[in-house]
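The values are calculated or read from the model by the stated rules, or taken from the named source; none is laboratory data. Only a predicted model underlies this, so the values are computations on that prediction, with no experimental measurement involved. Note: ideal-geometry Cβ built from the backbone for every residue, glycine included; neighbour counts use all protein chains shown. Accessible surface is based on the protein model in full, side chains and every heavy atom, while ligands, DNA and RNA are left aside. Shrake-Rupley method; radii C 1.70, N 1.55, O 1.52, S 1.80 Å.
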Amino acid sequence: MAAPPFHVTDDFAWNLEHFVIPEHYAPDLASVMISHGLIQDRIDRLANDICKAYDFHGSGARLHMLCVLKGGHQFFSDLCNALKKLTLVGVKEPPLTFDFIRVKSYHNTESSGDITIETVGIDLPSLKGRNILLVEDIIDTGATMSKLVPYLQSYEPTSVRVATLLKKRTPKSNGFEADFTGFSIPDKFVVGYCLDYNEVYRDMEHICIMNESGIKRHAK
Ligand code: 5GP
């Protein structure tokens, strides 16, 4: 059974001056919500939970990890590294395989509700009979996952589960719950750790909140 998400309280904010923030981003940020170190610690625990759930060491289960691009890339990479370390010893079958899927739904800081799925390079019929773990950066309204999970299920995998780094507490939620969730966060737009604002901030280590200047500067 996966541990509950780490609950980031509504008013929680770390002062920027406690961290190394790139000079080109600092004037456009209000605060750090989740530091890079805390993200890594939480991912270690998620990897343990996933390892237990799939029983790699017992029944020899295999997991097909599906990265939801682009925002999920960093979480996917760090989660895979954590899982690889846990499956080095005592696992008889190669436990992990990977694929990438691209989904887009956001304009500026608002979900457009218009979700496009690109599966270039995935052999969709080969998903039949596999255990799929979708790896996503953030669940906001839940619209993306509510479309993606049934889409993948139509290819008859054995299972489709979802790991998300962040889950937003928002009244706009459609109730979708991931199987593995890193952090429950307040209803604010976050950037960093591969989460973008119009393609900016993906290369920042910490998960942060922008200030008005940042929102204006990079608006489209
Ligand atoms: P949903 O379909 O659950 O409303 O939104 C999921 C997608 O919206 C995520 O994969 C992500 O791309 C984007 N998204 C939602 N909230 C945020 C946010 O606070 N920051 C960023 N950068 N993207 C978000």
Next item on the list: Using the heavy atoms of the protein chains and a 1.4 angstrom probe, tell me the accessible area per residue for the chain in square angstrom.
Entry: 49
Next item on the list: Could you tell me, in Å, what Rg and Dmax come out for the Cα atoms of region 142-220?
Entry: 15.1, 47
Check: Distance in nm between label sites at Lys85 and Arg169, each 7 Å beyond Cα in the beta-carbon direction?
Finding: 3.0
Item checked: Per-peptide average of other Cβ atoms within 10 Å, ordering 137-145, 192-200, 79-87, 167-175 highest first -> 137-145, 192-200, 79-87, 167-175
Check: For helix 36-54, what angle does its Cα long axis make with the longest principal axis of the chain, in degrees from 0 to 90 and rounded to 10?
Finding: 20
Checklist line | Antiparallel bridges, percent of DSSP beta bridges restricted to region 27-218 (to nearest 5) | finding: 35
Next item on the list: Please compute the net charge surrounding Ala178, taking Lys and Arg as +1 and Asp and Glu as -1 over other residues with Cβ under 10 Å from its Cβ.
Entry: -1
Margin query: At 0.36 nm per residue, and after removing the present C-alpha to C-alpha distance, how many nm does the segment from Thr116 to Tyr151 gain when stretched out fully?
Written below: 11.4 nm
Check: Could you give the distance between the Cα centres of region 1-79 and region 171-215, to the whole Å?
Finding: 11
Check: What shape does the chain have by the C-alpha gyration tensor, where a ≥ b ≥ c are the square roots of the eigenvalues, rounded means a/c under 1.5, and otherwise prolate means a/b greater than b/c and oblate the rest?
Finding: prolate
Check: Check Arg130: other-chain or 5+ apart residues with amide H under 5 Å from its amide H, H built from backbone geometry?
Finding: Thr158, Ser159
Note to self: Could you derive backbone 3J(HN,Hα) for region 125-138 from the dihedral phi with the Karplus parameters 6.51, -1.76 and 1.60 (θ = phi - 60°), listing whole Hz in sequence and x where the residue is Gly or Pro?
What the structure shows: x, 6, 6, 4, x, 9, 9, 9, 10, 6, 10, 10, 6, 8
Next item on the list: Enter the angle in degrees (range 0 to 90, nearest 10) between the Cα long axis of helix 143-153 and the first principal axis of the Cα atoms of the chain, meaning the one along which they spread out most.
Entry: 10
